[in-house]
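Remarks on the structure that follows.
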Amino acid sequence: MNVITIEDYKSTYWPKLDGAIDQLLTQSPGDYIPISYEQIYSCVYKCVCQQHSEQMYSDLIKKITSHLERVSKELQASPPDLYIERFNIALGQYMGALQSIVPLFIYMNKFYIETKLNRDLKDDLIKLFTEHVAEKHIYSLMPLLLEAQSTPFQVTPSTMANIVKGLYTLRPEWVQMAPTLFSKFIPNILPPAVESELSEYAAQDQKLQRELIQNGFTRQVFFPFVTRYVHFLRRVWLGRGGLQGSEISVQLCENQRSRAQVGSSLSGELLKLGLILWKLLFAKWILKKGFLVGWAVRLGTLQSSSSFRPLIFGLNTWKNNVEIL
């Protein structure tokens, strides 16, 4: 390998790395970047072997710091109605760039940053975003996030989730600024439920029901329908329906079995239930409660019917993991 002087590094090698980093930092998700990863990887390898790791690391940090300072200034100039979306774009763009930058500098990370600095390149670059962007905007961003949370569809759920998860990755202690907001996207943030706070939980549920009613989900239209069919399905499940028609086998406690009969006239009603629950994404909640699973997976005589396929298809995933007591 030819000797690489500091002048060679500055005039030949670093300009190649500088241009590649620029493109990676400014690319949009899904864009094609016309750079040779093999060439950039080779440049880093040669510079590390020629003892230019320290200079290269310093140049990389300065380069990315300068980029993040520009990003921060652009965010400061953003109007409130675009602030959240632009912060999400900046965060996603930077984190996406790190997925390419860190592997390109893997030799520098392994033989200089980890061994001599006892750090990790990815952690250092994430820290740069935290210090130069997130910390400067967190106190402007958080009130807007809380306001958007209280206004349905002001911000898309995916945008809200990306920002909240990103902030938690950057600095977990920011959870204390809005624990309820973070708990909606990150599990196990809030303390476990305790019996002494059951009344408070009930009050929160009642508040949610009032908000749903105010937004058009009235009890007269939706809730009695679901409740009526849930109780019907439970009776069928337990073999207490006293119904007539095609036979359904139901397994009870200690493998005792009873028979329930379902008339063919119920097919239309059951299909309507399945389609409505499917469209409203309510079936997932019902499945967790265990009301539908045992009933649906045992409708062997109905699985061949095309009218039941939308419902049966959604439930078959749980078929082999459900035990009815």
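Points to keep in mind about this one:
- Checked against a 28 Å cut-off, the cross-linked pairs 73/116; 63/116; 62/136 give Cα-Cα distances beyond that limit for 73/116.
- Of the chymotrypsin sites (Phe, Trp or Tyr not before Pro) in the range 1-108, those whose Cβ has at most 12 other Cβ within 10 Å and which sit in DSSP loop: 32
- Cleavage-rule hits, chymotrypsin sites (Phe, Trp or Tyr not before Pro), the range 152-214, DSSP coil, Cβ neighbours within 10 Å at most 14: 153
- Each residue of the range 97-104 was assigned a 3J(HN,Hα) from its phi angle through the Karplus expression (A = 6.51, B = -1.76, C = 1.60, θ = phi - 60°), giving 5, 5, 5, 9, 5, 4, x, 5 Hz with x at Gly and Pro.
- Working note: Karplus 6.51/-1.76/1.60 with θ = phi - 60° gives the range 191-198 the couplings x, x, 5, 10, 5, 5, 10, 4 Hz, where Gly and Pro are set to x.
- In nm, spacing of pseudo-spin labels at residue 12 and residue 117 (7 Å Cα→C-beta vector): 2.6 nm
- Once the C-beta distance of residue 93 and residue 214 is scaled by a Förster radius of 30 Å, the resulting FRET efficiency is 0.20 to the nearest 0.05.
Each value in this text was obtained by applying a stated rule to the coordinates, not by laboratory testing. Bear in mind that the values here come from a model prediction, so they are computed numbers and not experimental data. Don't worry about glycine lacking a Cβ; one is built from the backbone with ideal geometry, like all the others, and counts go over all protein chains shown.
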